[in-house]
Amino acid sequence: MTQSLPSEGKEQQKSLSSEDKEQQIHIQDGSVPQPFVLPQTPTARESLEDSDGNVTIYRVDNFFVDTAQHRALGLDVASIVEEDTPATTLSWTAMQRQRFSLAATRKMPRIELFNPVLKRDLPLAVWLEALLVTLVLAVIAYVHALNMFSYPLFSVEEGRYVANAWAIGHGTFEPYTFLYNQVPLGWIQIAAWTQLIHLCGEMWSAMGVMGAMDSARVLMLLLALGSALLMYLIVQRVSGSRGAALLAMSLSALSPLGLTYQREVLLENIGIFWLLLSLLLLVAGNSQLRTIVFAAIALGIAILSKEIMLIFFPAMLYGVWLHTTRFQRKFASVAFGYIVLSLCSTFVLLAVLKGELLPGYYRSHLQLPSLLGGLLTMVHPASAGTLFQLSWAAWQHDSLPLQLISAGAIAINVLGGQRNRLQWFLAFLLLSYWAYLLLSGLAYPSYIVLELPLMLLNIAMALNTPLLWLCRRVGWDFARMLIIFSLIGALVPFDIQQAAGQLTLRPATAQVYALQWVRMHVPSHAVVVMNTYFFADLHQPVVIGKLHRGPYNYAFVYSNAVADPDIRDVCLHNNWNAIDYLVLDTSMVDAIRSDGSQMVMLQRALSNAELLQVYTADSDAQATLRIYKVLHDPLHQSLVTCNSQKIQKS
C-alpha cells in the first residue's frame with residue numbers, strides 16, 4: 001500500500017516533470033506505463049470512476065493503480081471530463097499529478113506464492129555448489145558408461161525401438177505395418193540422435209561406438225545424466241536442502257535397477273526425462289505463465305514419448321493449481337490442460353489423416369490397422385495377467401528396502417499435507433502410478449524407471465520434515481547436512497556393490513560376435529530371419545577393413561516374417577525354402593517350438609537347417625545365439641519378391 005508523502009516530499013514531488021514522474025512508476029516486468037490519455041466518449045470517461053469517485057490512473061491485464069479522490073482538494077472530476085479542449089487536458093494532467101501525490105492509493109489484494117523459495121541449509125557459493133554437482137554427475141556418468149555396451153543383453157524392446165528409429169529415417173513409423181500400439185515420438189527422438197551420430201561418425205567410432213544399438217545407448221546415458229540433474233534441482237527446490245537433493249540424485253542414478261534399465265534403449269527413459277523437466281518448470285516457475293506453458297509442452301512430449309505418462313496428468317494439473325496465485329489459477333489450469341491435450345491429440349489426428357481411426361477398413365484385400373485396435377492392445381495385452389507378478393518379483397530382489405521406505409514416506413506426506421500441500425502433490429504422483437499398476441495389471445519390469453524418481457522425491461520430502469524439526473530443537477543446521485551425507489556415504493557404496501554384476505558381466509558380447517559373423521560370411525542378398533536387435537545394424541551398410549558389407553534388405557524379424565501378410569505372403573510366399581539363414585536366440589527357439597500354428601514355416605526351415613555357429617557369453621543360456629543355414633529342397637524353386645525386387649532362389 002502506497003502511503004501519502006510527507007510535507008517535504010510533497011513539494012519535491014510537485015517540482016518533478018511529467019517525464020520524471022512517469023519514470024518512477026514501473027511495473028513488475030520492467031515495462032514503463034504510458035501517459036494517461038482521456039477516453040474520447042463520455043461513457044468511457046465515466047467508466048474510469050467507481051461509485052466512490054476513485055479514478056484509475058493506469059491499468060494492464062493483471063495490475064492497476066487506483067487513486068482515492070481527495071475531498072479536501074475540491075476537484076470535480078465530472079466537470080473536468082465534460083470539456084475536451086487541450087488546455088483542459090493539460091489542466092487535468094496537472095491536477096491528476098497533484099492528486100496522486102496527496103491522495104492514498106487503494107490497497108492491492110494480498111498475493112502470496114504457494115511455494116516461495118525455501119531457506120537453504122548452509123550458505124554455499126554458487127560455483128562451489130556447481131562443482132559439487134558436477135563431480136557427482138561425473139561419478140554417475142563413469143558408473144553408467146562402464147561396461148555399457150556389454151551389459152545388459154540387447155533386448156527385444158531395444159531392438160524394436162532402434163529399428164523404428166531406422167524406419168523414421170526412411171519415411172515410415174515402423175519397418176513393418178504401424179499398429180498404433182505405441183506412440184511414435186520416443187523413437188523419433190532416437191532417430192534424431194542417430195542422424196547426429198552419423199554427422200559425427202568418426203568421433204563416435206574412435207570412442208568404440210560401432211553400431212546402432214551402441215549409439216542409442218549413448219543417448220540413454222545422456223538422458224540418465226539429465227534426469228539426475230533434474231532430480232537434484234527439483235528436490236533442492238521443494239525441500240530447500242542440498243544434501244537431500246544429492247541423496248535423491250545419487251540413489252536414483254546408482255541403484256541396481258537404475259543401472260540396468262537406464263542403460264537400455266527404452267521409451268521410459270525418454271518419457272521420465274520430459275516428466276521431470278515439466279515438474280521442475282512447475283515447482284520453480286514462481287507462478288509465471290510462460291513456465292506453466294513450457295511445463296505443459298514438456299508433459300505433452302513425455303506422453304507422446306511413452307503413453308503411460310498420461311496417468312500423471314491429473315496430478316500435474318493439481319500441481320498447477322497449487323503453484324499459481326488465486327487470480328491465475330483458472331486461466332493457468334485451463335491453459336495447461338489445453339496445451340497437453342492438444343499435443344496428445346496429434347496422435348489421433350495422425351490416424352484420422354491416414355484413414356485408420358476405426359477398424360474395418362481394407363486395402364488390397366488386407367485389413368488396415370486402427371487406432372482403436374491399437375489402444376485396446378495397449379490396455380489389454382495377452383500377458384497382462386502375469387506381468388505384475390514377474391515385475392514385482394524382480395523389483396523385490398533389488399529394491400525392496402526402497403519400496404518399504406517409500407511406502408512410509410507416502411504415509412508421512414499424506415499426513416503432512418494439511419500443513420504443506422506440496423507433500424500431497426508428490427504423494428499424488430506416486431499414488432497415481434501405483435493405482436494404474438494395480439488396476440490394469442500392466443507392470444513391465446522397465447516401469448521401475450518411472451517409479452524410482454517418484455519414490456525418491458517422496459522420501460526426500462518426508463525426510464526433510466523431521467530433520468527440520470531436529471534442527472530447530474538443536475539450533476544447529478549442520479546436523480541435518482551431517483545426517484544426510486552419512487546416508488549418502490552408506491547407501492551409495494551399497495548400491496554400487498549390489499550392482500557389481502552390471503559392471504563386470506558381458507552377456508551382450510555373444511550378440512556382437514554373431515552380428516560380426518553374419519556380416520563376414522553371409523551374402524547381403526540372402527534372406528535372414530533374426531530378432532529385432534539385429535535389424536537396424538543389418539539394414540545399414542558398413543565398412544569392415546576393405547570390405548563393404550550390407551545392407552541386408554532381406555533381413556526380417558522372425559515375428560513379422562510369420563505374422564505380417566506383406567512379409568509372409570508377398571515376400572516369402574509362405575514357403576520355408578525362401579529362407580537362407582536363421583539367427584536364433586533361446587527365446588526365439590522356444591517360441592518357434594511352442595507355437596505350432598503360427599510358426600509352421602519357421603519350424604520347417606529349422607528342421608531343414610544346418611548349425612554353423614554357436615555363441616555363448618558368461619554361461620548364460622539366454623545369451624546363447626545359434627546361426628543356421630537352411631538346406632533348400634533341391635526339387636523346389638521359389639521366387640522371392642520384396643520391395644519390387646526379385647531374387648531367383650533354388
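What to note about this one:
- Per-residue Cβ neighbour rank within 10 angstrom, fewest leading, Met249, Met220: Met220, Met249
- Looking at region 510-553, the trypsin sites (Lys or Arg not before Pro) that sit in a DSSP loop and have at most 10 other Cβ atoms within 10 Å of their own Cβ are Lys546.
- For Tyr558, Tyr513, order by how many other beta-carbon atoms lie within 10 Å, fewest first: Tyr513, Tyr558
- Calculated diffusion of region 263-342, Stokes-Einstein form, Kirkwood radius summed over Cα pairs, 4 °C and 1.567 mPa s, µm²/s: 105 µm²/s
- Each pair of Cα atoms in region 509-649 enters the Kirkwood radius, and Stokes-Einstein at 25 °C and 0.890 mPa s then converts it into a translational diffusion coefficient of 159 µm²/s.
- Rounded to the nearest whole Hz, the Karplus-based 3J(HN,Hα) values (6.51 cos²θ - 1.76 cosθ + 1.60, θ = phi - 60°) of region 317-331 follow the sequence 5, 5, x, 4, 4, 6, 8, 10, 6, 4, 6, 9, 4, 5, 5, with x at glycine and proline.
- Relative packing of peptides 567-580, 234-247, 155-168, 316-329 - highest average C-beta neighbours within 10 Å first: 234-247, 155-168, 567-580, 316-329
Each value in this text was obtained by applying a stated rule to the coordinates, not by laboratory testing. Everything numeric here is computed off the predicted structure, so don't read it as measured data. Heads up, the Cβs are rebuilt from the backbone with ideal geometry, glycines too, and the neighbour counts pull from every protein chain shown.
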